[in-house]
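K.L.:
The structure is given below, and queries will be raised subsequently.
The values are calculated or read from the model by the stated rules, or taken from the named source; none is laboratory data. As the structure is a prediction and not an experimental result, all values here were calculated from the model. Cβ sites come from the backbone with ideal geometry, for glycine too, and all protein chains shown count toward neighbours. Side chains included, ligands, DNA and RNA excluded: accessible areas come from the protein's heavy atoms. Shrake-Rupley method; radii C 1.70, N 1.55, O 1.52, S 1.80 Å.
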Amino acid sequence: MKQVGWISGAAAAVLVAAGAITYAVADGSGDDSAVEVPAADSADAGFARDMAVHHQQAVEMSYIVRDRTKNVEVRRLAYDIAQTQANQRGMLLGWLDLWGLPKVSSQGPMAWMGMAGMASGEDGELMPGMATNTELAKLNTLSGERAEVLYLQLMTAHHEGGIHMAEGCVEKCRVGVERRLATGMVRAQQSEVDVMAGLLKARGAKAR
């Protein structure tokens, strides 16, 4: 319980920091005012587009499990993930608007990392770690501990894929505030992966 409570506090801190970053970019008060607007095929734009899609699925899964279980720990974790990633998704899409860039690309997911076509795209699996449509449908049919276990397994894989993408942005993105957001994502999602490992172990399960 203490671990999940810590995540709640961390999520709140991330939301406050994220808001500050958004305002800094919007009004030009950040330290990136001299950076040129990223190109449509840049890592900055690609990460913003792809992570916005990746985050949307995490939000969807989290709200599904909140309706499928009464367990306080899992519900609180799911709520924190949903709120944090919905906020970050808004930031990423907001940056694309500020840059005047499209929210979709003809290059396909993960092209900015040199990994276009890595995910099959079949059954909704667009990027590393993303759950398939079949897995989401299954989650919608479960309840109680079975729903908790599947959610934790799917979200662990989802976070691991997200961490990989965020690390790619840290390496390739040029806009400082975006790199800092990506760095924060790596730390926060790894902490949540550790929490989910403990929750799975308590249920006699483990990550896939």
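K.L.:
Starting from the Cα-Cα distance between D194 and A116, subtract it from 0.36 nm times their residue separation and give me the gain in nm to one decimal. Numbers along the way, then the final one.
P.N.:
Values: separation 78, 0.36 × 78 = 28.08 nm, distance 2.91 nm.
Extra length available between D194 and A116 comes to 25.2 nm.
K.L.:
Take each of the peptides 47-59, 70-82, average the number of other beta-carbon atoms within 10 Å over its residues, and list them starting from the highest. Kindly include the intermediate steps, with their values, before the conclusion.
P.N.:
Numbers: 47-59: 22.8, 70-82: 19.5.
Ranking the peptides 47-59, 70-82 by packing returns 47-59, 70-82.
K.L.:
For the stretch 118-208, what is the accessible area per residue in Å², given a 1.4 Å probe and the full set of protein chains? Mind dumping the intermediate values first?
P.N.:
Numbers: 4210 Å² over 91 residues.
About 46 Å² of surface per residue is accessible.
K.L.:
Provide the gained length on full extension for the span R203 to E36, in nm with one decimal, where the gain is 0.36 nm per separating residue minus the Cα-Cα distance. Before the final figure, lay out the partial values.
P.N.:
Values: separation 167, 0.36 × 167 = 60.12 nm, distance 4.98 nm.
Between R203 and E36, full extension yields an extra 55.1 nm.
K.L.:
Something else: Quick one: ranking S62, S106, S42, S143 by accessible area, 1.4 Å probe, largest first, what do you get? It would help to have the intermediate numbers written out before the result.
P.N.:
Details: S62 0, S106 130, S42 25, S143 75 Å².
Ranked from most to least accessible, the order is S106, S143, S42, S62.
K.L.:
For the stretch 49-113, what is the accessible area per residue in Å², given a 1.4 Å probe and the full set of protein chains? Could you put the intermediate results ahead of the total?
P.N.:
Numbers: 2750 Å² over 65 residues.
Roughly 42 Å² per residue, with all protein chains present.
K.L.:
Find, to one decimal place in angstroms, the Kirkwood hydrodynamic radius of the stretch 128-208, where the mean of 1/r is taken over every pair of different Cα atoms and then inverted.
P.N.:
Result for the stretch 128-208 stands at 13.6 Å.
K.L.:
Could you give each residue of the stretch 88-96 its phi-based ³J(HN,Hα) in whole Hz, using Karplus coefficients 6.51, -1.76, 1.60 with θ = phi - 60°, and x for Gly or Pro?
P.N.:
Each residue's phi maps through the Karplus curve to give 5, 4, x, 4, 4, 5, x, 5, 4 Hz.
K.L.:
Could you tell me the relative contact order of the stretch 36-194? Use alpha-carbon pairs under 8 Å, at least six residues apart, and round to a whole percent.
P.N.:
Details: 199 pairs, mean separation 42.9, N = 159.
For the stretch 36-194, the relative contact order is 27 percent.
K.L.:
Of all accessible surface on the stretch 52-208 at a 1.4 Å probe, what whole percent is carbon and sulfur? Before the final figure, lay out each step's value.
P.N.:
On the way: 3510 of 7160 Å².
It is 49 percent, rounded to a whole number.
K.L.:
Out of residues 5 or more away from S42 or on other chains, whose amide H comes under 5 Å of its own, with H placed 1.01 Å from N in the peptide plane?
P.N.:
none
K.L.:
Quick one: net charge around A147, please, counting Lys, Arg +1 and Asp, Glu -1 for every other residue with C-beta under 13 Å from its C-beta. It would help to have the intermediate numbers written out before the result.
P.N.:
On the way: positive: R66, R68, K70, R75, K138, R146, R203; negative: D67, E135, E145, E148.
Charge balance near A147 sits at +3.
K.L.:
Over the Cα atoms of the stretch 67-208, what Rg and Dmax result, in angstrom?
P.N.:
16.2, 49
K.L.:
Run the reach check for K70 against lysines, Cα to Cα strictly under 21 Å, same-chain hits fewer than 8 apart removed. What comes back?
P.N.:
Here the lysines satisfying the reach criterion relative to K70 are K2, K138, K201, K206.
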